[in-house]
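Each reported figure results from applying straightforward, stated rules to the coordinates on display, with no laboratory input. Everything numeric in this text was worked out from a predicted model, so none of it was measured. All Cβ positions, glycine included, derive from the backbone under ideal geometry; neighbour counts span all protein chains shown.
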Amino acid sequence: TKLNIVFAVQLIVVALVAVGFLPREAAIFLAGLFIFYFIFSSLEESVFLVARSIPLFIALPLTENFDSFNTWRPLVFILFLKTIWRFRNEIFGAGREIIGQAKNSLIGGVKFVYQNYKIEFLSFLLFAVAVFSLLKAQDFIFGARRLVYFANLGMLFFAARAVVKKENLAEFSKNIIISGAIIAVAGAAQLVSSYLMTIDDFAEFWALTVQQNLYGKAWAYIVISANTWFAYYQDTIHLRVFSFFPDTHSFPLYLLIVSSFVLSLILRAKFIIGKNYFWFLAFLNLFTACLILSGTRGIWASIVFPAAFSVWVLFNDFETKKYARFLFLRIMLFFLLLPLAALVYTSSQFKSPETESEKNIFTERLKSIIDAGETSNSGRIFIWKETLKSIAREPLLGVGLGNFPVVLKEDVALLKAGASAHNLYLNILAEIGIFGFAVFVFLLFETTKTAWR
């Protein structure tokens, strides 16, 4: 199919660009190929192509000093315009109805919009609060750019929601899973490479070749000096698998998102179709192993919450109990695969001589989750305390969207290097204040309510 041909070309070109075989300018060719495909394909197929391509979108080398503008940004904007054009009659019809309601009563018009277009209403409200928060921003330009970034990202949701229905949800899920399979296999290859290269060769290859070619020079310089790719303990160093993602946090988070689609298909296959069940199961096992091998302690600790939730469902009289029982067994797989991480962490990597410390690194990393004195944890606790102080000082509009480093009395430019509250809720509260936080939480509530239904 056209979709598979374009995707195959993308996969080959991105792989060759990543290792330096092709120049980075090939990314501009790929962007042009996608735009051509969008023009001559259906909206559904365009969304499916984007779904399976999310980890493969790379930075466009536009100029010498501006080479980090990612391919997905113009493509999602074009996809959004295509969505508006496709549903223009429905949109104009809804607009006329809203105006009609507002003419009779402004409050009635607002109530009508909220009842019938809840996600759009809350998204617009969140956007408006974020705009007002820029009045408090120390760096207005940086905040405005962050606002445009999130608006650009949000366009993908509306394009996907417009075309993904019950009848094609399985097909959409399979396209998402393809992207997960690619990064998981790449992660496995990366793990193997950690036994074949020295630490200097590994860091130089992944930072100054792969990351620079995929995401630009600015990011490569950040990551070569301050990355999260390794777990340290005394005289040992071990890889925390990140595939070709920027770091070891975004990689497992993306796999968690993909896993929800895998679970959807597993339940469908197990209880409805009966075929492809073992394929989906194999993917979930692979993704779970990669989640663990990322060495992200937040991921390890967070398993407690879905485990507790599944137990709660098991002991309540829900029609979904048969699913909950199955999901509980899947969560237990996480604990069963933990010895895999222990095996990796207790083996010598990067051609380093084996030491006594190697035997303890996995258990020490597990214990460090609740060790407030551990360097990473103490740093986070300090950041949380400073964030709470900032929220107390600026409760209404915060310090301004995209200006979180101000909370820590740092340069706003450090946001590019990952400066944040290390807690999504505190980050939002600190940046856009209590009103924006309330809208955000309500948006999450509406999404969760829909998911539960």
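Some observations on this one:
- Lys/Arg +1, Asp/Glu -1 at C-beta; the range 31-113 dipole; positive extreme among Phe34, Leu81, Asn65: Leu81
- Take the chain and mark each of the GluC sites (Glu not before Pro) that is in a DSSP loop with at most 14 other Cβ atoms within 10 Å; the longest unmarked stretch, sites excluded, is 65-318.
- Nearest-ten-degree value, helix 250-268 long axis tilted from longest Cα axis of the chain: 70
- Rounded to the nearest 10 degrees, the angle from helix 43-53 to the longest Cα principal axis of the chain is 20 degrees.
- With helices as the sole contributors, the chain gives -22000 deg cm²/dmol at 222 nm; each DSSP H run of n ≥ 4 counts as -39500 (n - 2.57), and the sum is divided by every residue.
- Shape category assigned to the range 116-167 from the gyration tensor of Cα positions, a/c cut at 1.5: oblate
- Spin-label zone in the range 280-307 - amide nitrogen under 19 Å from a point set 7 Å from the Cα of Ala188 along the C-beta vector: 280-295
- Helix 375-393 axis, angle to the chain major axis (alpha carbon atoms, nearest 10°): 30
- Shape class for the chain, computed from the alpha carbon gyration tensor (a ≥ b ≥ c): rounded, with a/c under 1.5.
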